[in-house]
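Note sheet for the following structure.
The values are calculated or read from the model by the stated rules, or taken from the named source; none is laboratory data. Computed from a predicted structure; not experimentally measured. All Cβ positions, glycine included, derive from the backbone under ideal geometry; neighbour counts span all protein chains shown. Quick note on the areas: whole protein, heavy atoms, side chains included, nothing else; ligands and nucleic acids left out. Shrake-Rupley method; radii C 1.70, N 1.55, O 1.52, S 1.80 Å.
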Amino acid sequence: MNLGRSIRLCRTSLGLSQEELAKKIRVSVSYISLIEQNKRDPPISTVERVAAALNVPLTVLTFLGADREDLKGIPEEVREKLASVALRLLHAKRQA
């Protein structure tokens, strides 16, 4: 699981800086940076706050951070389609 990658992907897709996200969830910018680099494993309460701040369902955030092994029961084609739809939804939210 690479939750940091999915947080960065969602954050940048929405056009938010690390500073803006940090302010929204009341943590330091350096903590956001460490999470995105997978150098910190945040508690679920923090991940929930991140998901809420990004207006992204927690399930989508975790799906986007899943590694191949995490999803080995799901066909590659389905994984790609789900990721594509999730990213399109993020882009649509950004433009709205």
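Observations on the model:
- Helical content of the chain, expressed as a calculated mean residue ellipticity at 222 nm, amounts to -21000 deg cm²/dmol (DSSP H runs of 4 or more residues, -39,500 (n - 2.57) each, divided by residue number, nearest 500).
- Taking trypsin sites (Lys or Arg not before Pro) as exposed when their DSSP state is a loop state and no more than 12 other Cβ atoms lie within 10 Å, the longest site-free interval of the chain runs over 40-71.
- For the chain, the residue among I44, S17, Y31 whose Cα projects farthest onto the positive side of the dipole built from Cβ charges is S17.
- Note on the chain: with charges restricted to the Cβ of Lys and Arg (+1) and Asp and Glu (-1), its dipole about the Cα centre is near 340 debye.
- Atom-type composition of the exposed protein surface of the chain places 54 percent of the accessible area on carbon and sulfur (1.4 angstrom probe).
- Top of G65, G15, G73 by mean-square fluctuation, Gaussian network on the chain, Cα under 10 Å: G73
- Taking a ≥ b ≥ c as the square roots of the eigenvalues of the Cα gyration tensor, an a/c ratio of 1.5 or more together with a/b no larger than b/c marks segment 45-96 as oblate.
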